[in-house]
């Protein structure tokens, strides 16, 4: 039995040695990055006489490349980098900044093994917009009106996906008075919207006796906020900035529960309710004493919802 065992052990050892000396080759294949990238940016309504379009601000963007497996796009190089995934490489983008403006589109095309190639293209487009008088009247009253987050209602703050297919805080919604214990500044901050009668412009004044409700570091633009820390109330002296009404850039369909109008704050020193990075607050619903807003959240892919009430 011992001789048989030794024989089998010897055969097995020879098998291991032979196999260990065998070279095995692995190949990842061709990892050449995508090539021949083309960005097509067709301004809707553009003519020889009006090359910047019909005033809708809409641009049909298409990205193509050899060896492309996935596409991402940043719509404006003048704002923080925000690469958006494009399943088909094409989209219609609404540029909402009023007037005629030039934007630099950045396309990133991904190929095999995570390789990528990048291309930029500039497009000049005009955006015209006239806000409904009823929205201005409800927001500013006889000239100036102040608003606060309404702690007495459920869902005064909520979060859901930032998309054109969901318009509710389906992931989470605050209960009545939920932030009183941890972050009462959320409810004591006052936001006063004013129409300047002399020239028809608008201003927002944020008054924050107990600080600003926000996150920290790169998750907010408010001045003086620490570089790190949890969500909460942080010292912020308040501020005043101009704002404009613009067509909302979310691309929600006509059937969505939204006014399709947004409040766009100038600069980085003011906010409404929550000190987010983005400064475009879409008006979902507005009346003389109720304001329901949606803003792109501090984290990519999130939408924050806010319910405010007017002060007497």
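The values are calculated or read from the model by the stated rules, or taken from the named source; none is laboratory data. Because the structure is predicted, anything quoted here is derived from the model rather than measured. Counting neighbours? That spans all protein chains shown, and the Cβs are built from the backbone with ideal geometry, glycine included.
Quick notes on this structure:
- With respect to the stated conditions, residue 193 is closer than 22 Å to residue 135 by Cα and in contact with a helix residue (DSSP H, G or I) (Cβ under 6 Å, 6 or more places away or on another chain).
- Residue that is nearest to the chain's Cα centre (by Cα) [pool: residues in region 68-85 that are surrounded by fewer than 17 Cβ atoms within 10 Å (Cβ to Cβ) and over 24 Å from residue 265 (Cα atoms)]: 85
- Checked against (1) surrounded by fewer than 18 Cβ atoms within 10 Å (Cβ to Cβ); (2) touching a residue at least 60 places away in the same chain (Cβ under 8 Å); (3) over 17 Å from the mean Cα position of the chain (by Cα), residue 180 passes all but a single condition, namely (2).
- Inside region 255-272, residues that are assigned to a strand (DSSP E or B) and under 13 Å from residue 291 (Cα atoms) make up a count of 4.
- Note on region 186-198: residues that are over 18 Å from residue 144 (Cα atoms) and part of a loop (DSSP other than H, G, I, E, B) amount to 0.
- Of all residues making up region 280-297, the number that are modelled with pLDDT under 95 and surrounded by fewer than 22 Cβ atoms within 10 Å (Cβ to Cβ): 3
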